[in-house]
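First up is the structure itself, then whatever we jot down about it.
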Amino acid sequence: MGEFIGGFIGLAVIVIIVVVLLADTLFVVKQQHAVIIERLGRFNKIVGSGLHAKIPFIDRKAATVSLRTMKNGFDIDAKTEDNVTIGLEVSAQYHVSYEMGAGPADSGVYKSYYMLQQPVAQMRDFITDALRSSIPVYTLDEVFAKKDDIAQDVNATVSEQMAAYGFTLVSTLITRIALPAEVEDSMNQINAAQRTKAAAQDLAEADRIRRVTEARAEAEAMEKAGEGIANQRKAIAVGIKDSLESIQETGVSNNEANLLFMYTQWTEMMTEFARTGKSSTVVLPSNFKESASMFEQMVAAAETNDAGNVPPTPVKKD
């Protein structure tokens with residue numbers, strides 16, 4: 001019985017030792033990760049995702065390096081060309097370089113672990129320095145207008161610096177520009193004044209267009225009215241001419257025809273006045289008893305006028 005227990009204990013010890021050795025020998029690397037293996041304190045190899053083995057107590061996993069893209073955000077302050085101190089919120093996306101190089105020591109995984117103690121902090125310092133060198137050459141308005149261009153220039157500069165340490169800088173973004181309260185209030189007042197000025201100019205322009213349009217419409221209306229009056233007078237003149245010609249065809253002299261036409265116009269005017277009563281001025285004969293002989297009076301007046309215009313006959317002296 002004692003031998004059985006001793007054998008069982010020995011077997012258990014052997015199993016435990018085997019399990020411990022297997023646990024220290026076999027390991028799994030997750031997707032998008034790489035593991036650096038060191039042998040007796042020196043770099044040995046880099047293994048990717050999957051199941052791997054190492055020599056127990058001789059090899060060790062020095063580091064597990066993530067190959068995923070990571071983000072780091074931070075705040076900095078800088079001064080513009082017009083001496084305005086602004087705050088910038090910066091976001092940087094980066095990952096360990098996928099470059100393998102000529103050998104393991106030239107790979108991005110090797111450099112990211114062995115070349116720099118705090119690569120993320122160093123990258124942030126590079127970006128801060130690049131931004132503080134770029135911002136002073138721009139005015140405040142230019143920083144707002146060209147922030148994407150500034151960020152791209154900084155990203156290109158810092159990417160070259162971080163490549164030596166095994167990192168790839170994917171992008172650098174300026175996500176927010178913060179202004180001092182007094183500067184922000186001044187800019188809001190300036191913008192409000194500009195909008196008020198633009199609104200006043202628009203209203204003035206609209207009023208000018210309205211006045212010009214009304215003037216043009218009035219001018220066109222007067223032109224059309226003038227054309228109507230001219231056409232009306234022309235029609236009246238043609239009617240008078242036709243009427244006189246018709247009267248003259250009956251054998252009446254020119255003087256009599258004119259007087260008859262005048263009498264006819266007068267009687268028509270009086271008839272219209274009696275019918276509507278809208279006329280404000282009426283020409284009446286001096287003696288209503290002789291209104292029946294209006295035509296004779298006109299003829300007599302015309303003959304008298306003609307007689308008065310005849311020069312006297314000269315008297316011959318003996």
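Figures for the structure shown
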{"read-out": "Most to least accessible of T276, T80, T175 (protein chains only, probe 1.4 Å)", "value": "T175, T276, T80"}
{"read-out": "Distance violations [Cα-Cα > 28 Å] among K54/K111; K30/K147; K79/K197", "value": "K30/K147; K79/K197"}
{"read-out": "Residue-level accessible surface for S171, protein heavy atoms, 1.4 Å, Å²", "value": "30 Å²"}
{"read-out": "Carbon and sulfur %, accessible surface of the range 16-65 computed with the full protein complex present, 1.4 Å", "value": "64 percent"}
{"read-out": "Sequence of E218, E249 when ordered by accessible area, the most exposed leading, probe 1.4 angstrom", "value": "E249, E218"}
{"read-out": "Length released on extending from I229 to I55, taking residue separation times 0.36 nm less the Cα-Cα span", "value": "50.8 nm"}
{"read-out": "Vicinal HN-Hα couplings computed from phi for the range 93-104 (Karplus, 6.51 cos²θ - 1.76 cosθ + 1.60; Hz; Gly/Pro x)", "value": "10, 8, 7, 5, 4, 8, 5, 9, x, 6, x, x"}
{"read-out": "Hull volume in cubic angstrom per residue (convex hull over the Cα atoms of the range 68-178)", "value": "84 Å³"}
{"read-out": "Accessible surface of the range 122-181 [probe 1.4 Å, protein heavy atoms]: carbon and sulfur percent", "value": "48 percent"}
{"read-out": "Rough spin-label spacing in nm, given labels placed 7 Å along Cα→Cβ, for I16 and A217", "value": "10.7 nm"}
{"read-out": "Charge sum, other residues only, whose C-beta stays under 14 Å from A217's C-beta, Lys/Arg counted +1 and Asp/Glu -1", "value": "0"}
{"read-out": "Value of relative contact order over the range 1-97, rounded to a whole percent, pairs C-alpha under 8 Å and six or more apart", "value": "21 percent"}
{"read-out": "Inter-probe distance in nm under a simple model that places probes 7 Å from Cα toward Cβ, at K45 and R195", "value": "6.8 nm"}
{"read-out": "Probe 1.4 Å, protein heavy atoms only - accessible area per residue of the range 42-166 in square angstrom", "value": "56 Å²"}
{"read-out": "Gap separating the Cα centres of the range 32-90 and the range 128-147, nearest whole Å", "value": "29 Å"}
{"read-out": "Surface accessible to a 1.4 Å probe, I55 within the full protein complex, Å²", "value": "70 Å²"}
{"read-out": "Around Y113: net Lys/Arg minus Asp/Glu count, Cβ-Cβ under 15 Å", "value": "+2"}
{"read-out": "Rough spin-label spacing in nm, given labels placed 7 Å along Cα→Cβ, for E249 and D185", "value": "9.7 nm"}
{"read-out": "Percent RCO, i.e. relative contact order, over the range 68-178, from Cα pairs under 8 Å lying at least 6 residues apart", "value": "37 percent"}
{"read-out": "Sequence ranges 70-78, 185-193, ranked by mean other-Cβ count within 10 angstrom, highest first", "value": "70-78, 185-193"}
{"read-out": "Amide proton proximity set for A62, modelled H, under 5 Å, gap of 5+", "value": "I36, I37, E38"}
{"read-out": "Area of Y263 that stays accessible when all protein chains are in place (1.4 Å probe, Å², to 10)", "value": "60 Å²"}
{"read-out": "Selected from S133, P104, Q117, residue furthest toward positive end of dipole (the range 68-178; charges at beta carbon)", "value": "P104"}
{"read-out": "V109, V137, reordered so the largest accessible area comes first (probe 1.4 Å)", "value": "V137, V109"}
{"read-out": "Using θ = phi - 60° and Karplus 6.51 cos²θ - 1.76 cosθ + 1.60, couplings along the range 13-23 (whole Hz; Gly, Pro as x)", "value": "5, 4, 4, 4, 4, 5, 4, 5, 5, 5, 5"}
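The values are calculated or read from the model by the stated rules, or taken from the named source; none is laboratory data. Keep in mind that this is a model prediction, so the values were computed, not measured. No Cβ is skipped: glycine too gets one built from the backbone with ideal geometry, and neighbour counts run over all protein chains shown. We work out accessible area using only protein heavy atoms, side chains counted, and drop any ligands, DNA or RNA first. Shrake-Rupley method; radii C 1.70, N 1.55, O 1.52, S 1.80 Å.
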